[in-house]
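Structure first, then comments.
The values are calculated or read from the model by the stated rules, or taken from the named source; none is laboratory data. Values in this document were obtained by computation on a predicted structure and should not be read as measured data. Backbone-built Cβ (ideal geometry, glycine too); neighbour counts: all protein chains shown.
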Amino acid sequence: MAASSTVKSARKSLIWLLVIIFGLAGLIGFGSTTDENASFTPKLALDLQGGTQIILSPLLLDGQAVTTEQLDQAVSIIRQRVDASGVSESQVITQGDTNIIVSIPGIPDENTLALIKASAKLEFRPVLITSAGTPSAEVDGAGTSDPDATESPAPEETPAAEEPTASPTDGSDLNWITPEIQKEFDDLDCASVFREPGQIDDPAVPLVTCDVNGFSKFILGPVEVDGANISDASNGTVTSSTGASTNTWAVNLEFDEVGTEGFSTVTQRLFPLEQPRNQFAITLDGFVITAPTTQAVITNGSAQITGSFDRDSSKVLADQLKYGSLPIGFEVQSQENISATLGQDQLTSGLLAGLIGLILVVIYSAFQYRGLAIVTVGSLLVAAVLVYLLIAFLSWRQGYRLSMAGVAGLIVAIGITVDSFIVYFERVRDEIREGRNLEVAVENAWKRSIRTILASDAVSFTAAATLFLLTVGNVRGFAFTLGLTTIVDLIVVFLFTHPLLRLLARTKFFSSGNPWSGFDSKALKASGYVGRGQFRVAPTLSQGKALKVSKEAATRQTIAERKAQAALEEADKSGGN
Amino acid sequence: MSKFKDFGNDLYSGRVSIDVVGRRKLWYGIAIVLVIIAIVAPVARGGFNFGIEFRGGSEFRIDGVGDTSQQVARDAVQSVDPETQPIVTSVGVDSVRIQTEQLNDVTTEEIRIALANAYGLPSGSVTSSFIGANWGADVTSKAINGLIVFLILVSVLMAFYFRTFKMSIAALAALAHDVVITAGIYALTGFEVTPAAVIGLLTILGYSLYDTVVVFDKVRENTLGVEFSEDTTFASQVNLAVNQTLVRSINTSVVAILPVAAILFIGAFVLGVGTLRDIALALFIGMIVGTYSSIFIASPVYVHLRENEPRFKTKK
């Protein structure tokens, strides 16, 4: 039976809504027992809660000066990196001529500090020679713990230094190793500090350096591929050859045209070489993060870096590589707590304003829609619960922070959410004006209004998605809120408002067209329609006006209806004759 | 109340009709005058009053204070320059950071001394420096790029949905009208343009398009097959659609504006200046203009663009 199937599908929708609400609440509740970041209270942004102010000063070599352009560029890159770690609306500004102030909510951990300050210059260089991380003269094994077994093969004994016989022909040529370089390599102790912070290496000459853990040291050839040629970077777990996911975290790189070309050329050259010259070292700020063996010629422009990464550190490196390296290195000059710029009173007043607004909306809709106000208020409450849970969920999973502008955005969203109901209700009223009973009117109105709601929400969502993907800072925070409320609007209309109205349409109070139901059929039918295509001309109307009105009705028929009407009239005429 | 419902019935049936499309020269005239005012008046007044997030400014730092409350610092700054709205933050345990708009050397020095006196400290414990813009050129250029991409995407989306590019053009015309007028009122009132205000403006952009799509969806429905109709014209069908959605437009804008009015009232009269007032003003004006333009700009422009197409013209 059609009627009971309506009830069934309405109930099904409402159950789905409960599943979503309890599912979200359950996830957060379960999360809060295992993860300290999960909580039912959304986290607040810098302006409402305060956070940490980090002053960065550039690491400069003697005689080096930082230019305004470099500083602006650094600010831009740091902002993108901070944004990539969540929608926190952090503040990144220059101070004076040299410093950068980064203000972020909460207390930063090591990974966040690294994300902010590391210049993240990535280079790909071929390995010429490698050995354990302490000077080769030393026999003491204290510093030579196991080399990273998965990455570098056992370090080899250093070959005796000889004067190069010819000038080097390519990056892997051992002729790069002059006695000076050999000596530097022999003397290098990875346990000591051997690099100036912020040191910039000449990309055209070999580099003598250690890996990040100090386990092995290397002589590397000139730079073959530069980090600037990376077009995109992401983190993820390594998939094994059988397609199963492993626990090893990796950073995936996509190269641009230049990078792809360079990478292809160099893997072609390295592939047939002997150990360790078939190894390809990837250096980050001068330290080798990994030196994998070339196992194939890579021509598709993508590469994967594995090393001693976990989930967070691989994300940090991916974000650093994605937004490019800083033109200069920075060190943390000071790190202090800062208070909120807007007091608690601002947040309280904001919420109060929201409450007043909500009450006004309820009063207005009760005035306009009478009994239907129950549906409006109910839908708004459901929307509020959903938005609250989603914000709590996203501030746990995505680092979302609620700022004052965000609160204002949510209050504004009340209006846009209610509009969906208004469009729907007005359509139902239109259908009743055309003489339908309430149950049919609700179904017809739904089919028509859902088109409008979907189209207008699609516009809002396009705005949100585009701005979120392409912008930074406050605009991104706004886009996030807009997208969130648009999705909630759709969920509420589909899974609450519509099913509820379907069920209510079957109750006597609403279907009888009670004056307090908001669907007062007498009031609505007063327009003169008795049904589609038929017309009851109000006696008070002038002849001309009545004609005009009936013409209007005629145009609202479909072509098929019009033809049918003409055929009927024709039949009437012939019948009468 | 029942009057309003009757009004809705009458609009729906066409018994009462507001001639929106027919009087379009009047609406165009009003729009042109408003847009010219919104462009010329701010220029005469010297442009927008951008906040420190856009222009950068001065920063003071006081170390070793006993009381880190914001009010002391705010009073001290305003005793020198009553116009300045400082952003006061406590830093660490016993320091206060004050950010103001860019000040000249003399005022900076005066504020430095005023702050030192207010906290009872030697003037040497107050340092000052210049700070850059948080909303720098890079943020602006990214925002503008994002906007352009968004407008193109939405135009294509609407063109597909409505099966005509002319609706996209009409919607964008209404959008431009809304944004120019809202921005113009900002410049006229001399309210500080903060990131919150810009976000308010972006919300208007979304709202204006959203509202236009709702009206246009009814227009699309009413004008389906109008070229086969003997006795209605394209323009009269668009006008009927606008009238039929008028009750919805009024209800929606009242419902959308009520919460914004609440924020504006609380923000402006209870809290004084702040994020809430900045964003609510932009929204309050923009939503009224946005609803108005969907009816009185977008629909007439659409009729203008289409009524001269041969298929609508032949059977007049």
Of the conditions (1) assigned to a loop (DSSP other than H, G, I, E, B); (2) outside the structural domain of residue A:407 (by TED's automatic domain parsing); (3) of a type in the set (Asp, Glu); (4) at negative phi, residue A:72 clears all except one; give me its number. (1)
Say whether the condition of being in contact with a Lys or Arg (Cβ under 7 Å, 6 or more places away or on another chain) and on the phi < 0 side of the Ramachandran plot is met by at least one residue in region A:450-457. no
Residue A:40: passes all of (1) in a loop (DSSP other than H, G, I, E, B); (2) within 20 Å of residue A:323 (Cβ to Cβ); (3) hydrophobic (A, V, I, L, M, F, W, C) but (2)
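Quick check on region B:32-51. Is at least one of its residues over 21 Å from residue B:189 (Cα atoms) and surrounded by fewer than 20 Cβ atoms within 10 Å (Cβ to Cβ)?
no
Would you confirm whether any residue within region B:99-119 is within 10 Å of chain A (Cβ to nearest Cβ), closer than 24 Å to residue A:346 by Cα and touching a helix residue (DSSP H, G or I) at 6+ places or on another chain (Cβ under 9 Å)?
Checked region B:99-119: at least one residue is within 10 Å of chain A (Cβ to nearest Cβ), closer than 24 Å to residue A:346 by Cα and touching a helix residue (DSSP H, G or I) at 6+ places or on another chain (Cβ under 9 Å).
Got a sec? Which of B:34, B:26, B:121 is touching a Gly at 6+ places or on another chain (Cβ under 9 Å), more than 30 Å from residue A:69 (Cα to Cα) and at pLDDT 85 or above? Please lay out each step first, then the result.
Details: B:26 fails: touching a Gly at 6+ places or on another chain (Cβ under 9 Å); B:121 fails: at pLDDT 85 or above.
Answer to the check: B:34.
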Residue satisfying all of: in region A:267-308; over 20 Å from residue A:230 (Cα atoms) and among the charged types (D, E, K, R); modelled with the lowest pLDDT among these: A:274
Looking at (1) of a type in the set (D, E, K, R); (2) over 18 Å from residue A:454 (Cα atoms); (3) in contact (Cβ under 8 Å) with a residue 40 or more places away in the chain, find the lone condition where residue B:231 falls short. (3)
Can you tell me which of B:170, B:137, B:143 is at pLDDT 90 or above and more than 30 Å from residue B:65 (Cα to Cα)? B:170
When region B:219-255 is examined, which residues are found to be closer than 19 Å to residue B:207 by Cβ and basic (Lys, Arg)? B:248
Counting only residues that are buried (at least 24 other Cβ atoms within 10 Å of the Cβ), within 14 Å of another protein chain (Cβ to nearest Cβ) and in contact (Cβ under 8 Å) with a residue 60 or more places away in the chain, give me the helices (runs of 4 or more DSSP H) lying completely in region A:396-503 with at least 2 of them. A:404-433, A:474-492
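Residues are listed down the side, and each one gets a yes or a no for (1) surrounded by 22 or more Cβ atoms within 10 Å (Cβ to Cβ); (2) modelled with pLDDT of 85 or more; (3) within 14 Å of chain A (Cβ to nearest Cβ):
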{"residue": "B:267", "(1), (2), (3)": "yes, no, yes"}
{"residue": "B:276", "(1), (2), (3)": "yes, no, yes"}
{"residue": "B:297", "(1), (2), (3)": "yes, yes, no"}
{"residue": "B:303", "(1), (2), (3)": "yes, yes, no"}
{"residue": "B:310", "(1), (2), (3)": "no, no, no"}
Hey, can you tell me all the residues within region B:183-235 that are more than 14 Å from chain A (Cβ to nearest Cβ) and at negative phi? B:183, B:184, B:185, B:186, B:187, B:188, B:189, B:191, B:192
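Going by what's in this entry, would residue A:369 be described as outside any helix (DSSP H, G or I) and buried (at least 18 other Cβ atoms within 10 Å of the Cβ)?
Details: outside any helix (DSSP H, G or I): no; buried (at least 18 other Cβ atoms within 10 Å of the Cβ): yes.
In short, no.
Against the condition modelled with pLDDT of 80 or more and outside the structural domain of residue A:399 (by TED's automatic domain parsing), how does residue A:64 come out, does it pass? Spell out the reasoning first.
Numbers: modelled with pLDDT of 80 or more: no; outside the structural domain of residue A:399 (by TED's automatic domain parsing): yes.
For residue A:64, the condition - modelled with pLDDT of 80 or more and outside the structural domain of residue A:399 (by TED's automatic domain parsing) - is not met.
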Take residue B:226 and decide whether it is more than 28 Å from residue B:185 (Cα to Cα), surrounded by fewer than 22 Cβ atoms within 10 Å (Cβ to Cβ) and out of contact with any Asp or Glu (no Cβ under 9 Å at 6 or more places or on another chain). yes
In region B:189-201, what residues are over 16 Å from residue A:404 (Cβ atoms), in a helix (DSSP H, G or I) and modelled with pLDDT under 80? B:189
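What are the residues in region A:189-221 that are in a loop (DSSP other than H, G, I, E, B) and surrounded by 21 or more Cβ atoms within 10 Å (Cβ to Cβ), if any?
First pass over region A:189-221, keeping only residues in a loop (DSSP other than H, G, I, E, B): A:189-206, A:212-215, A:221.
Within region A:189-221, A:190, A:206, A:215, A:221 meet the criteria.
When only residues in region B:1-23 that are of a type in the set (D, E, K, R) and either modelled with pLDDT under 70 or part of a loop (DSSP other than H, G, I, E, B) (or both) count, which is farthest from residue A:430 (Cα to Cα)? If you could, list the steps in order and put the result at the bottom.
Going through region B:1-23, the residues of a type in the set (D, E, K, R) turn out to be B:3, B:5-6, B:10, B:15, B:19, B:23.
Keeping just the survivors that are either modelled with pLDDT under 70 or part of a loop (DSSP other than H, G, I, E, B) (or both) gives B:3, B:5-6, B:15, B:19, B:23.
Values: B:3: 17, B:5: 12, B:6: 13, B:15: 15, B:19: 21, B:23: 26 Å.
Here the answer is B:23.
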Could you grab me the full set of residues in region B:53-64 that are buried (at least 20 other Cβ atoms within 10 Å of the Cβ) and closer than 15 Å to residue B:111 by Cβ? B:57, B:58, B:59, B:60, B:62
Given (1) within 14 Å of another protein chain (Cβ to nearest Cβ); (2) in contact with a strand residue (DSSP E or B) (Cβ under 8 Å, 6 or more places away or on another chain); (3) closer than 17 Å to residue A:492 by Cβ, identify the lone condition not met by residue A:379. (2)
Restricting attention to region A:296-317, does a residue exist that is of a type in the set (A, V, I, L, M), assigned by TED's automatic domain parsing to the domain that holds residue A:215 and in contact (Cβ under 8 Å) with a residue 60 or more places away in the chain? yes
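With B:157, B:153, B:147 as the choices, which residue is within 15 Å of the chain's Cα centre (by Cα), at the interface with chain A (Cβ under 9 Å from one of its Cβ atoms) and without any contact (Cβ under 8 Å) to a residue 60 or more places away in the chain?
Values: B:157 fails: within 15 Å of the chain's Cα centre (by Cα); B:153 fails: within 15 Å of the chain's Cα centre (by Cα).
None of the others qualify; the one that does is B:147.
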